[in-house]
Amino acid sequence: MTDYVDAGEAIPHAQLSNVTGEAPATGNVDHERIRGARSEPENWLTYYGTYDGKRHSDLDQINTGNVRRLTPAWVFQAGAVGMQSGASTYSFEAAPIVVEGVMYVSGPDGKAWAIDARTGQELWRYKHASPYDVSLCCGNVNRGLAVAHGKVYMYTLNAHLIALDARTGKLVWDTVNGDVRAGESGSVAPLVVKDMVICGSAGGEFGVRGHLDAFDAETGERRWRCYTVPKPGEPGSETWPDDGEAWQRGGANCWVTPTYDPELELLFQGTGNPAPDFDGAVRPGDNLYTDSTVAVDVNTGEIRWHYQFTPHDLWDYDSTMENVLFDAPDGRKLLAHADKNGYFFVLDRTNGELVRVFPFVDRITWGEITPEGKVTPKIYPDEEGVPVHFWPGPAGGKEWTHMSYNPQTGLIYIPVQEVGATATRRRREFKESIPYWGAGVAVDIEDFYGFVSAVDPLTGEEKWRWNNEYPMCASNLSTAGGLVFQGTPTGEFVALDAATGEKLWSFQCGSGHHSSPTTFSVDGRQYIAVPTGWGGWIEGFLPGLLGAAAGDALFCFALPES
Amino acid sequence: MTTTEGDRAAELAAAGLDGQNRTALGRLINTGSIGYAEEDADGVLRATVRIPEDELRYDPAILILPHGGDIVLTLINDDKNTHCAVLPSNGDPKFIWLVNHAKGTATLNLDGPGTYYYGSASGNDEGRGLTGAIVIGGEVPDHAKLDRPPQPRP
């Protein structure tokens, strides 16, 4: 009999680090405070900064006159433990939230942190141990957290909505909200509205039935669920085959955070592509509510109106992208949406009426949309085994990464991708958890470029553009300092003049950008925070950089103190 | 308990992939024995994982659990070298040193279903085979399932 040395009980990994384990208490973030987030620009209280999705800050300490002096204040290295090493490992896609000097941010692989926003000191960490084999379309990623009611909310890769104690990072509640055996997963940053947490599902590439859900912020109990593909007999079901199974596997997932109008009490949610992505013959009809913006009553979960950007999509043109809320000079309540299909839409957000549509990319070959909104497909994979090339590719003229709107210039700054793809239809039978595309797809690895386009949404006029050799695959940020911050796939973080597009500053972060920068201030000092890390679904949006430098770090920039 | 490896083990042995420094330098990951956790009356799952002498592997290499929840692993190092284990657990991974002829425990919380990997993040241990898997079976709760008829599975 061997006398074993007593190895004791396994300890939390963080115990072998300098993590303090506790964040300072901050003032209560609640619905009214998030609703008034514009009035406290020192904080970045919710995913887009404000409910309207403008991604604009009124901070102006860093401005066109001094941005050349911007330097790193600190860097937080996310890192990884274990055997995984791939594009998914490094895609740091979140938008950091900041409340009174405490930053809350999520990373790849189920990780979340509280960080001292002045110094970069790690205060607490949480890691959700998601299975390695969850069906994930687009990387081992998470787009961010929501903070409210003393809690931090995260939607996990294996579709659990969890609440953590904002001071300690300890689990408060855990609600299972998706079926991983069906191919459902979670990557979205939740949104807190009133006393509810809102989050949508992912998994359209695996033929699930998309939905948006609301939960009690205190208990995690579900309040309502809104399916974005109707059952037979429900409104919109006439756009699906009435004698088939297509609606059961229809996609239309809500994998990007909605915007919200507190006066109308409507959530504006973009929905994903129909499944299968490229084989429309198994789902004749317009396939509502795929590729749409749906206006959802926040109190009931009912769809009040919808606008479909690509009826009967055959190109993987999800419309999950953000819906930016702004008002026209005459007071009309509008909504701006740059769609994957290469067209920019302005809608009346009270009723979904089309106000304006115009292209925002250079190359559109899949079809045409008239100024009146009439959609005419031209090129699509309708013959088995026959390759078809089209622009934009399935990542779209703009993917999920976000544009910003500066109320001072009246311009919207769009991160544009100019990448095409070839799809070859290959019909397959549906099976749960298996990719359900209906085609083989190869995105171009040459002949691409990108730019930031400054567009007047009231006229459709492009005021300026900043060109780049590579497509723009990251969100940008607008500030009252007259700046637009934009990360590039090759690692540069640049500041552009919001009025002219002139590049005023650049810093090489060592790995590409595929995240959402935010800004905040502590003790009167303004910071710009940007998670970096080239990764995720690179083969879908820019395979020409699949071999680029990887690494997941969060940079925080500020002007020198002296 | 650990099951026999059957035909797959014979196949791996024939290929020289079942041990250290045969065809490869180390051992292919998760090409070892399969074990099953036992469930206590209180629902806690328990299993023992050993590190055999000079084999640089966890035994069982693949541990199967009927469902997620709390798991107590007993870890025993029968090797004449020091190893460790960094194990997945909700909240934070758990770490344990396992010096020569050491025995300890790890209390984990994992969701199901799905596969979780762990390893000895010490030196080159993972590269030589000290990577294990915890596989959780079962289904998600009914309230988490989609409102649609049952669908075909692979």
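The values are calculated or read from the model by the stated rules, or taken from the named source; none is laboratory data. Because the structure is a prediction, the values reported are computed rather than measured. For neighbour counting, all protein chains shown are included, and Cβ atoms are generated from backbone atoms with ideal geometry for every residue, glycine included. Note: accessible area is taken over every heavy atom of the protein model, side chains too, but ligands, DNA and RNA are not part of it. Shrake-Rupley method; radii C 1.70, N 1.55, O 1.52, S 1.80 Å.
Numbers for the structure displayed
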read-out: Test: A:Gly65 is on the phi > 0 side of the Ramachandran plot and more than 12 Å from chain B (Cβ to nearest Cβ); value: no
read-out: Residue in the stretch A:120-131 that is under 23 Å from A:Arg209 (Cα atoms), away from chain B (no Cβ under 11 Å) and in a strand (DSSP E or B) present; value: no
read-out: Answer residue from the stretch A:60-106, given it is part of a helix (DSSP H, G or I) and either in contact with a His (Cβ under 8 Å, 6 or more places away or on another chain) or at pLDDT 95 or above (or both) and is most open to solvent (accessible area, probe 1.4 Å) among those; value: A:Arg68
read-out: Residue match in the stretch A:162-183 (condition: among the hydroxyl-bearing types (Ser, Thr, Tyr), more than 9 Å from chain B (Cβ to nearest Cβ) and open to solvent by less than 20 Å² (accessible area, probe 1.4 Å)); value: no
read-out: Single match in A:Phe278, A:Phe268 (criterion: part of a strand (DSSP E or B), under 29 Å from A:Phe344 (Cα atoms) and more than 14 Å from every other protein chain (Cβ to nearest Cβ)); value: A:Phe268
read-out: Wholly within the stretch B:42-154, strands (runs of 3 or more DSSP E) carrying at least 1 residues that are modelled with pLDDT under 95 and facing chain A (nearest Cβ under 7 Å); value: B:114-119, B:131-136
read-out: Conditions (1) part of a loop (DSSP other than H, G, I, E, B); (2) open to solvent by less than 10 Å² (accessible area, probe 1.4 Å); (3) more than 10 Å from chain B (Cβ to nearest Cβ); (4) more than 20 Å from B:Gly91 (Cβ to Cβ); number of the one not met by A:Val192; value: (1)
read-out: Members of the stretch A:211-230 that are open to solvent by 10 Å² or more (accessible area, probe 1.4 Å), of a type in the set (Ser, Thr, Tyr) and touching a Leu at 6+ places or on another chain (Cβ under 9 Å); value: A:Tyr227
read-out: Unique match (being open to solvent by less than 20 Å² (accessible area, probe 1.4 Å), closer than 19 Å to A:Trp240 by Cα and touching a residue at least 24 places away in the same chain (Cβ under 8 Å)) among A:Thr310, A:Thr320; value: A:Thr310
read-out: Residue in the stretch B:19-41 that is nearest to B:Ala133 (Cα to Cα), counting only those that are away from chain A (no Cβ under 13 Å) and open to solvent by 60 Å² or more (accessible area, probe 1.4 Å); value: B:Tyr36
read-out: Filter result for A:Gly21 (at pLDDT 95 or above, within 27 Å of the chain's Cα centre (by Cα) and open to solvent by less than 60 Å² (accessible area, probe 1.4 Å)); value: no
read-out: Residue that is nearest to the chain's Cα centre (by Cα) [pool: residues in the stretch A:366-383 that are in a loop (DSSP other than H, G, I, E, B) and closer than 21 Å to A:Arg426 by Cβ]; value: A:Trp366
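So that you can scan it fast, the table gives a plain yes or no per residue for (1) within 14 Å of chain B (Cβ to nearest Cβ); (2) more than 23 Å from A:Val152 (Cβ to Cβ):
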{"position": "A:His13", "(1), (2)": "yes, no"}
{"position": "A:Pro24", "(1), (2)": "no, no"}
{"position": "A:Gly27", "(1), (2)": "no, no"}
{"position": "A:Asp30", "(1), (2)": "no, no"}
{"position": "A:Arg33", "(1), (2)": "no, no"}
{"position": "A:Gly36", "(1), (2)": "no, no"}
{"position": "A:Leu45", "(1), (2)": "no, no"}
{"position": "A:Tyr51", "(1), (2)": "no, no"}
{"position": "A:His56", "(1), (2)": "no, yes"}
